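Structure first, commentary second.
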Amino acid sequence: MPSNHITLLTGSSNPKLAISVAKILKKEVLSPIDKFADGEIRVAIPKNLRRNDVFIIQPTSPNVNDSIMELLLMIDASRRASANEITAVIPYFSYSRQDRKDRPRVPVSSSMLVNIIRAAGANRIVTIDIHSEQQQGFFLGPWDNLYASYVLVPALRTRKLKNLVIASPDKGGMTKATAYARFLKAESIAIVYKERDLSLANKSEALTMIGYVKGKNVLIVDDMIDTAGTLVNAAKLLFERGAKSVRAVATHGIFSEPALERIKDSGIEEIIVTDTILEKEEAIKNPRIKIVSVAPLLAEAIRRIQSGESINEGLIL
């Protein structure tokens, strides 16, 4: 049974998002993170958690491994403090790209991370647009994966784009592209065929595409933008095939180097991302990048989890 009392915790990965969620819920958010001089993380929660439902809002964003360690220590501290239920709210779930054994002698890193989170004491996981939804099978408890379309589609509708084609930068994104095409009443869908070099991280090349984009306004839909290599290669191919304009929308704007430099020279008019990751100042100031907050989505999900209501009804477009 859910408790009548909830406690919100956050680490150092994205406190701004946690504060926004707390304001909507009219709750206080605690940040119990401190560090020793050598970088060792120390967690001390300044509140009684006994019989509280604890929600830890901590995307595992850069610095990824520090963010993960903070999350695990907050979960462990909450468990040892006799929390009623512990929910790990992880808007950006790192290591999701390593969700299978795609060649010999590699770990299934996503599965290992989930096992560690469970061992630390989390009862439930909440994410937003994980890279592949089958990862939910790695966790033995409830895992609610929310969709950023809840906040991104309304933002896109204000653009009132005509002659719109939705493009997926790879075959794995077709389900998402199809959903956005339906929401935005797009004319059609295009798919860019991408081949990835499995021996190297962050390296891919757009080879060809399926679909008609000549004279069309194209919106590339993806779950994340890391170094922007996939995005920029896809945009280049779309322009070569006659696209009138290219925009992009993605849930997680990681923008690792040299992403912003690549975007600058790409011809992409606008990139819309959410605040699942605390954006660096250069991205915030970039006139091509617009940031939409997922705080309303997370706040409503937390409220429903705590009250025992359905997550699906009304939170999925």
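The values are calculated or read from the model by the stated rules, or taken from the named source; none is laboratory data. What you see is a predicted model, and the numbers here were worked out from it, not measured in a lab. We place every Cβ from the backbone using ideal geometry, glycine too, and count neighbours over all the protein chains shown. Ligands, DNA and RNA are excluded from the accessible area calculation, which covers all protein heavy atoms including side chains. Shrake-Rupley method; radii C 1.70, N 1.55, O 1.52, S 1.80 Å.
Key figures
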| read-out | value |
| --- | --- |
| Filtered residue count, segment 235-263, keeping only those that are open to solvent by 20 Å² or more (accessible area, probe 1.4 Å) and closer than 14 Å to LEU161 by Cβ | 2 |
| For GLU282: the one exception among (1) assigned to a loop (DSSP other than H, G, I, E, B); (2) of a type outside the set (A, V, I, L, M, F, W, C); (3) over 26 Å from PHE183 (Cβ atoms); (4) open to solvent by 50 Å² or more (accessible area, probe 1.4 Å) | (1) |
| Every residue from segment 164-192 that is part of a strand (DSSP E or B), closer than 20 Å to THR230 by Cα and open to solvent by less than 50 Å² (accessible area, probe 1.4 Å) | VAL165, ILE166, ALA167, SER168, ALA190, ILE191, VAL192 |
| Candidate set: segment 25-47, residues that are aliphatic (A, V, I, L, M) and surrounded by fewer than 17 Cβ atoms within 10 Å (Cβ to Cβ); chosen: the one nearest to ILE75 (Cα to Cα) | ALA44 |
| Condition met for ASP66 (within 27 Å of PHE255 (Cβ to Cβ) and modelled with pLDDT under 95) | no |
| Some residue of segment 219-234 being open to solvent by 80 Å² or more (accessible area, probe 1.4 Å) and assigned to a helix (DSSP H, G or I) | no |
| Count of residues meeting criterion [open to solvent by 20 Å² or more (accessible area, probe 1.4 Å), assigned to a loop (DSSP other than H, G, I, E, B) and under 16 Å from VAL218 (Cα atoms)] in segment 267-279 | 2 |
| Within segment 28-43, tally of residues that are part of a loop (DSSP other than H, G, I, E, B) and either under 24 Å from GLU85 (Cβ atoms) or in contact (Cβ under 8 Å) with a residue 60 or more places away in the chain (or both) | 3 |
| Residue in segment 269-283 that is closer than 30 Å to THR208 by Cβ and more than 21 Å from the chain's Cα centre (by Cα) present | yes |
| Any pair with Cβ under 8 angstrom, 6 or more apart, that starts in segment 44-64 at a residue that is free of Cβ contacts under 8 Å to residues at least 60 places away in the same chain and ends at one that is charged (D, E, K, R) and crowded, with 24+ Cβ neighbours inside 10 Å | GLN58/GLU70 |
| Matching residues, segment 1-19, being open to solvent by 40 Å² or more (accessible area, probe 1.4 Å) and outside any loop (DSSP other than H, G, I, E, B) | PRO15, LYS16, ILE19 |
